[in-house]
Amino acid sequence: MRETMTKSMARNIFYGGSLFFIAIFLGLSAQSHRYIVTTSTNAATLTPSVAAGKRIWEHKACIDCHTIMGEGAYFAPELSNVMTRWGIEPGDHAGAKEALAAWMGAMPSGIEGRRQMPHFELTDEQFQNLADFLLWVDSVDTQGWPPNDAG
């Protein structure tokens with residue numbers, strides 16, 4: 001073997017290494033997509049009401065304060081397991097709406113020194129959609145996230 005690397009050798013190492021890591025990247029991307037679609041997402045229960053609740057979540061910018069599955073701001077509690085924390089059974093859409101409407105209706109609480117949630121003027125249908133979205137998020141396999149019950 002030569003002591004110095006030729007231009008041709010360097011080019012072959014560069015292209016070979018690039019192709020190798022591109023193949024690894026594509027393989028891991030395909031595996032991640034397959035896992036999300038088949039294992040971690042509860043697509044069977046993804047209804048139009050859940051999608052509408054997600055749009056309300058985005059329109060009201062809830063992620064500016066709350067997190068879902070660790071994504072978002074850490075100003076307010078994690079909401080990926082909020083329905084479980086409130087004792088709402090899976091599939092109890094009316095109970096979820098009632099609990100969410102009562103909680104949001106009491107905001108802002110006016111307690112001095114506490115973080116305050118703004119009061120949103122939501123209709124009954126919007127409360128139901130948002131509650132359905134939070135119920136759906138609670139049903140997703142988060143692999144133990146959040147690490148404690150309080151979020």
Contour excess over end-to-end distance, with Cα ends at Ala76 and Thr4 and 0.36 nm allotted per residue: 20.0 nm
Alpha-carbon centroid distance for the pair region 37-57 / region 69-141, whole angstrom: 16
Read-out percent of Cα pairs over 18 Å apart, derived from the coordinates shown; its label in (i) 67; (ii) 61; (iii) 76: (i)
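When only C-alpha pairs under 8 Å and at least 6 residues apart count, what is the relative contact order of the chain, in percent?
It comes to 30 percent, rounded to a whole number.
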Contour excess over end-to-end distance, with Cα ends at His93 and Asp149 and 0.36 nm allotted per residue: 18.0 nm
Estimated 222 nm signal from helices in the chain, with DSSP H stretches of n ≥ 4 weighted -39500 (n - 2.57), rounded to 500: -16000 deg cm²/dmol
Gaussian network model of the chain, springs between alpha carbon atoms under 10 Å - residue of Met69, Met83, Met107 with greatest fluctuation: Met107
FRET efficiency estimate (nearest 0.05) - Cβ-Cβ, Ala102 to Cys65, R0 25 angstrom: 0.85
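Every read-out reported here was derived from the displayed coordinates using simple, explicitly stated rules and does not represent laboratory data. Bear in mind that the values here come from a model prediction, so they are computed numbers and not experimental data. Cβ: placed from backbone, ideal geometry, glycine included. Neighbour counts: every protein chain shown.
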